[in-house]
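The values are calculated or read from the model by the stated rules, or taken from the named source; none is laboratory data. Predicted, not measured: the structure shown is a model, and the values here were computed from it. Cβ placement follows ideal geometry from the backbone for every residue including glycine, while neighbour counts extend to all protein chains displayed.
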Amino acid sequence: MEEIYYNSTRGSNENLTSASAILKGIAGDGGLFIPNCFPFISKRELKNCEKMSFKQLSLYINKKFFTDFSERELKNCIDRAYDNKFEGNAAAPLNKKGDVFYLELFHGPTMAFKDIALCLLPYLMKTAARKRNLNKTIVILTATSGDTGKAALESFADVEGTKIVVFFPEKGVSSIQKRQMTTQIGENVKVVGINGNFDDAQKEVKRIFNDVELKRELNRGSYMFSSANSINIGRLIPQIVYYFYSYMQLLRVKEIKLGEKINFAVPTGNFGNILAAYYSKKMGLPVNKLLCASNENKVLCDFFNSGIYDANRKFFVTISPSMDILMSSNLERFIYDISGKNASAVRELMGNLDKFRKYEIGDNIKEGMDLFYGNLATDEETKQSIKEVFDKHGYLMDPHTSVAYSVYKKYLQDTGDGTKTVIVSTASPFKFTRAVMGALDNRYNSEDDFKLVKLMSRAAGIEIPKPMKKLDGCKVMHDTVCETGQMETEVRKFLSERCHC
Ligand SMILES: *Cc1c(COP(=O)(O)O)cnc(C)c1O
């Protein structure tokens, strides 16, 4: 098998092994790591994948990228990540309702798709640290729009040799998301609300990462930073697995024939999830279209329709908060790819983004965007779809999934394309009870999120998910709120508290 190395989208040729890239998180020049090539899975190989379990497929695909890990090491990580933490032991079941297939990625410990990659990441990191003979404490710095935070906390809590700090927008997450994070227990965790949105948090985290002075101090204290955001390649690659897995499930139930193309509709914020879909296509998965679904923060939708990325616009707090993002980090990897691995073009565009919050890509690279269809759903449309699907099929979508579904409906209207379509279902409706129940009936709009949990369970005839039950009666452990300018201070405080005791 070919060895894979990781380099920056901005050109510095670090040629890192996957272990080093996972530990480092972000490239030294501020760019993102990308593999030097993409392994291809032939039609014959696809056929062989048909009968694989999720874990087997996960090993099969991750092995192609993490070539410096031994098969035993990877298998060990995967076995420990995907155990009975997932309800029904199913990480990515496919559920057909009406004409579409819902790829339910929310049966993990925090009820969002981020669990799938984040359950695996700590094991990858620990194995990587062992391989590199690293005896530093890994400090995970995470900015979250709501779901990454809890998923990362849950997976890194009390993991030896790690500490984790999560920053979330104090006023930009659902009450259930907030409760999930602020009640997190663990000796090595810290959760901080910030007065700002996700973009502010992400930008500051990236700055802290590359602060030379702080890095030197950390080194002295035997610490090193890493990232659990989808800028980390160890988070991104494991997400490729479920795209292949959904295809195998369709094959198994004979909904499609081998080689037949399918569409994916993906609710998109930081462009991590849909980038994994794009990578799957590059690797040979038969994909017809990728539907990039935005909420009212429709910067990506506009980008795919115009080639102009413009973050100079009003920021909306919507009912799909995990997509309330104007600076989509992972788009940089996509641009790198469609520009023909042109790092200097990426540097220039990202420079423009930094300076003007805006850039325009040249006509020569626009071709690469043809695979995508970009559209949006307003909060009103998102609610209508939740109600429509519930009334027709008795199936409850969460608001993010509903954004994807709504965009799929628009796509159908625009194109009449009859290709089988998978709606990537990124969160459990139980994480957003008020928005979801409010969509079914206005009278729930003023109710408390927690009160609505039972009502939702009864209305939809589904059991309350275990992680939701657990949340009841948890004590709030974290109540710090700070300005973005104080994030670094909070990190320093946390690290010094712990090392002097
Ligand atoms: C994070 C998240 C998204 C957006 O995914 P990206 O990889 O950031 O594009 C969509 N839905 C939910 C529920 C999420 O948690």
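No other residue among A265, A293 is crowded, with 24+ Cβ neighbours inside 10 Å and near the ligand (Cβ under 10 Å from one of its atoms) apart from A293. Selection of first residues in the stretch 179-195 that are under 16 Å from V481 (Cα atoms) and of second residues that are in a helix (DSSP H, G or I) and aromatic (F, W, Y), restricted to Cβ pairs under 9 Å at least 6 apart or on distinct chains, gives the following pairs, ordered by first then second residue: V189/F156; K190/F494; V192/F494.
Here E388 passes the criteria (1) away from the ligand (no atom under 16 Å from the Cβ); (2) touching a residue at least 60 places away in the same chain (Cβ under 8 Å); (3) over 26 Å from N229 (Cβ atoms); (4) not in a loop (DSSP other than H, G, I, E, B) except the one numbered (2). When the residues of the stretch 202-249 are filtered to those that are within 16 Å of the ligand (Cβ to nearest atom) and of a type in the set (V, I, T), the one that is farthest from A90 (Cα to Cα) is V205.
So, in the stretch 97-107, of the ones that are buried (at least 18 other Cβ atoms within 10 Å of the Cβ), farther than 28 Å from V205 by Cβ and not aliphatic (A, V, I, L, M), which residue ends up farthest from the ligand (Cβ to nearest atom)?
Kept after step one, since they are buried (at least 18 other Cβ atoms within 10 Å of the Cβ), are these residues of the stretch 97-107: 100-107.
If we keep only those that are farther than 28 Å from V205 by Cβ too, we end up with 100-104, 107.
Narrowing the set further to residues that are not aliphatic (A, V, I, L, M) leaves 101-102, 104, 107.
Values: F101: 17, Y102: 13, E104: 12, H107: 13 Å.
The qualifying residue farthest from the ligand (Cβ to nearest atom) is F101.
Only one of the numbered conditions (1) surrounded by fewer than 22 Cβ atoms within 10 Å (Cβ to Cβ); (2) within 13 Å of the ligand (Cβ to nearest atom); (3) of a type in the set (A, V, I, L, M) is violated by L134, and that is (2).
Of all the listed residues (K493, K454, K466, K470), the sole one being touching a residue at least 40 places away in the same chain (Cβ under 8 Å), at negative phi and not hydrophobic (A, V, I, L, M, F, W, C) is K466. Considering the conditions (1) out of contact with any strand residue (DSSP E or B) (no Cβ under 8 Å at 6 or more places or on another chain); (2) under 16 Å from E104 (Cα atoms); (3) part of a helix (DSSP H, G or I), E380 is excluded by exactly one of them, (2). Residues that are among the β-branched types (V, I, T), away from the ligand (no atom under 12 Å from the Cβ) and crowded, with 24+ Cβ neighbours inside 10 Å within the stretch 394-422 comprise V407, V422, listed in sequence order. For the stretch 298-326, the set of residues classified as away from the ligand (no atom under 11 Å from the Cβ), within 21 Å of K206 (Cβ to Cβ) and within 19 Å of the chain's Cα centre (by Cα) consists of V299, L326, listed by residue number. For the stretch 83-96, the condition holds for no residue, the condition being that it is surrounded by fewer than 18 Cβ atoms within 10 Å (Cβ to Cβ), touching a residue at least 60 places away in the same chain (Cβ under 8 Å) and in a helix (DSSP H, G or I).
Just one residue in the set A91, A117, A128 is at pLDDT 95 or above, within 16 Å of the ligand (Cβ to nearest atom), in contact with a helix residue (DSSP H, G or I) (Cβ under 8 Å, 6 or more places away or on another chain) and among the aliphatic types (A, V, I, L, M); that residue is A117.
So, A157, is that one surrounded by 22 or more Cβ atoms within 10 Å (Cβ to Cβ) and out of contact with any Cys (no Cβ under 7 Å at 6 or more places or on another chain) or not?
On the way: surrounded by 22 or more Cβ atoms within 10 Å (Cβ to Cβ): no; out of contact with any Cys (no Cβ under 7 Å at 6 or more places or on another chain): yes.
Against the criterion (surrounded by 22 or more Cβ atoms within 10 Å (Cβ to Cβ) and out of contact with any Cys (no Cβ under 7 Å at 6 or more places or on another chain)), A157 does not qualify.
Filtered by the rule that a residue be touching a Ser or Thr at 6+ places or on another chain (Cβ under 7 Å) and of a type outside the set (F, W, Y), the stretch 4-17 gives I4, G11, E14.
Would you mind stating whether D147 is farther than 23 Å from K475 by Cβ and either within 13 Å of the ligand (Cβ to nearest atom) or surrounded by fewer than 23 Cβ atoms within 10 Å (Cβ to Cβ) (or both)? Please lay out each step first, then the result.
On the way: farther than 23 Å from K475 by Cβ: no; either within 13 Å of the ligand (Cβ to nearest atom) or surrounded by fewer than 23 Cβ atoms within 10 Å (Cβ to Cβ) (or both): yes.
So D147 does not fit the description; no.
Per this entry, I256 is not counted among residues that are β-branched (V, I, T), farther than 27 Å from G416 by Cβ and away from the ligand (no atom under 16 Å from the Cβ). Condition first: more than 27 Å from E204 (Cα to Cα), without any contact (Cβ under 8 Å) to a residue 60 or more places away in the chain and of a type outside the set (D, E, K, R). Now tell me which residues in the stretch 18-61 satisfy that. Within the stretch 18-61, N36, C37, N48, S53, Q56, L59, Y60 meet the criteria.
Suppose we filter T110, T127, T67 for residues that are over 20 Å from Y278 (Cβ atoms) and surrounded by 20 or more Cβ atoms within 10 Å (Cβ to Cβ); which single one remains?
Numbers: T127 fails: surrounded by 20 or more Cβ atoms within 10 Å (Cβ to Cβ); T67 fails: surrounded by 20 or more Cβ atoms within 10 Å (Cβ to Cβ).
One residue alone meets the criteria, T110.
Output the qualifying pairs, or none if there are none: Cβ atoms under 8 angstrom, residues six or more apart or on different chains, first residue in the stretch 226-253 and over 18 Å from I78 (Cα atoms), second residue modelled with pLDDT under 95 and among the aromatic types (F, W, Y). Matching pairs, first to second residue: S227/F209.
Looking across the stretch 11-48, the residues that are under 22 Å from the mean Cα position of the chain (by Cα), farther than 30 Å from K261 by Cβ and in a loop (DSSP other than H, G, I, E, B) come down to G25, I26, A27, G30, G31.
Filtering A117, A90 for residues that are out of contact with any Ser or Thr (no Cβ under 9 Å at 6 or more places or on another chain) and on the phi < 0 side of the Ramachandran plot leaves a single hit, A90.
Quick test for you: out of L236, L251, L214, L258, pick the one residue that is modelled with pLDDT of 95 or more, touching a helix residue (DSSP H, G or I) at 6+ places or on another chain (Cβ under 9 Å), surrounded by fewer than 22 Cβ atoms within 10 Å (Cβ to Cβ) and not in a loop (DSSP other than H, G, I, E, B). Steps first, please.
Numbers: L236 fails: surrounded by fewer than 22 Cβ atoms within 10 Å (Cβ to Cβ); L214 fails: modelled with pLDDT of 95 or more; L258 fails: not in a loop (DSSP other than H, G, I, E, B).
Answer to the check: L251.
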